[in-house]
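Data block below; observations after.
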Amino acid sequence: MSEWKARRFWKDTRVAEAEGGWQVLLDGRPVRTPLKSAMALPTRDMADAVATEWAAQEGVIDPLSMPFTRSANAAIDKVATQHAEVAAMLAAYAETDLLCHRAESPKELADQQNKGWNPVLDWAEKTYSAPLAVVSGILPADHPDESLAVYARVVAGYRPFSLTALHDLVTLSGSLVLGLSVANEQIEPDTAWRLSRIDEDWQISQWGEDDEATEAAEIKRRAFLHAANFLRLAQGT
């Protein structure tokens, strides 16, 4: 038996103001999440992006072609319902932040890391008054407890839609500091992604590309850039 797939059933797609934000209407009926929650979107721009995805559906609905809708569903059904847990998990990335762990050798790689990562750590220290320690190799970093507490408070202050985007920025890059730098528009998303890939790109320069690894990295890059766009729409910037 073939799997049943939802098909387009509406003619008109539009955006309207609603309690708690904006909503997308299909023939006058509001879009709901998979858990049947009301999809109240924080900004008009985000509602327009979601509406565009629904308007573009023809025949069978393809959720994979609707990244803004899927992120909005995650924000409402998952992140909003366990906000404290998600925030705590992301804040914990400060303890093992990618930017704090440097190569002992070769010198060329260590120099690339220092050049790319030091300015971002300096920005975070200045912005949040929360320095993080830098170590070589796989040694654990002994960060000040006060700094870790600051980053925990910062992340906890993100609202569900923004926290959903920050989740992907941090987990895909391996760096809370890089995620926060993108969220604060300190560096461009493409730049942040390249900084997160210094180690991998150096390995490629030495040993050549692997097709499967390259394809997987490109999928992650697109997801990272999408998260940055979703965050921008959530914040109305």
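Points to keep in mind about this one:
- The shape of segment 4-43 comes out oblate: with a ≥ b ≥ c from the C-alpha gyration tensor, a/c is at least 1.5 while a/b does not beat b/c.
- Counting heavy atoms of the protein chains alone, residue 148 has an accessible area of about 40 Å² for a 1.4 Å probe.
- Percent of C-alpha pairs per 5 Å bin, segment 172-231, short to long: 4, 18, 29, 23, 14, 9, 3, 0
- Which of 80, 13, 47, positive extreme of dipole for segment 1-138 (C-beta unit charges): 13
- Fully extending the segment from residue 85 to residue 9 would add 23.6 nm, taking 0.36 nm per residue of separation and subtracting the current Cα-Cα distance.
- For segment 1-133, alpha-carbon Rg and Dmax in angstrom: 21.7, 62
- Net dipole in debye of segment 93-182 [+1 Lys, Arg Cβ; -1 Asp, Glu Cβ; about Cα centre; nearest 20]: 260
- Antiparallel DSSP beta bridges within the chain, percent to nearest 5: 85
- Taking the Cα centre of segment 1-130 as reference, the dipole from Cβ charges on Lys and Arg (+1) and Asp and Glu (-1) amounts to some 500 debye.
- For the chain, the longest principal axis of the alpha carbon atoms and the long axis of helix 145-156 meet at an angle near 20°.
- Look at the alpha carbon pairs under 8 Å that are at least 6 residues apart: their mean separation over the length of the chain gives a relative contact order of 19 percent.
- The aspartates and glutamates within cross-link reach of residue 11, meaning a Cα-to-Cα straight distance under 15 Å and a gap of 8 or more places when in the same chain, are 27, 53, 58.
- Judged by the ratio a/c of the largest to the smallest principal axis of the C-alpha gyration tensor, segment 108-237 counts as oblate, that ratio being 1.5 or greater while a/b is no larger than b/c.
- Rounded to the nearest 20, the size of the Cβ-charge dipole of the chain about its Cα centre is 1060 debye, with Lys and Arg at +1 and Asp and Glu at -1.
- For the peptides 35-41, 164-170, the ranking by packing is 164-170, 35-41, with the highest mean count of neighbouring Cβ atoms within 10 Å listed first.
- Helix-only mean residue ellipticity at 222 nm for the chain, each DSSP H run of n ≥ 4 adding -39500 (n - 2.57), per residue, nearest 500: -17000 deg cm²/dmol
- Potential lengthening between residue 201 and residue 138 on full extension [0.36 nm per residue; Cα-Cα distance subtracted]: 20.8 nm
- Segment 117-184 shape via C-alpha gyration tensor axes, a/c threshold 1.5: prolate
- Length, then width, then depth: along the principal axes, the Cα atoms of the chain run 61, 42, 33 Å.
- Using θ = phi - 60° in the Karplus curve 6.51 cos²θ - 1.76 cosθ + 1.60, the 3J(HN,Hα) couplings for segment 14-19 round to 8, 10, 9, 5, 8, 4 Hz; x is entered for Gly and Pro.
- Where a label projected 7 Å from the Cα of residue 223 along Cα→Cβ would reach, residues of segment 46-72 with amide N under 20 Å: 62-72
- Degrees, to the nearest 10: 211-235 long Cα axis against longest axis of the chain: 70
- Relative to the longest principal axis of the Cα atoms of the chain, the long axis of helix 198-207 makes an angle of roughly 70 degrees.
- Eligible lysines near residue 126 by straight Cα distance, threshold 16 Å, same-chain separation 8 or greater: none
The values are calculated or read from the model by the stated rules, or taken from the named source; none is laboratory data. Treat the numbers as computed from the prediction; the structure is a model and nothing was measured. Note that each Cβ is placed from the backbone with ideal geometry, even for glycine, and that neighbours are counted across all protein chains shown. Keep in mind that these areas ignore ligands, DNA and RNA; they rest on the heavy atoms of the full protein, side chains included. Shrake-Rupley method; radii C 1.70, N 1.55, O 1.52, S 1.80 Å.
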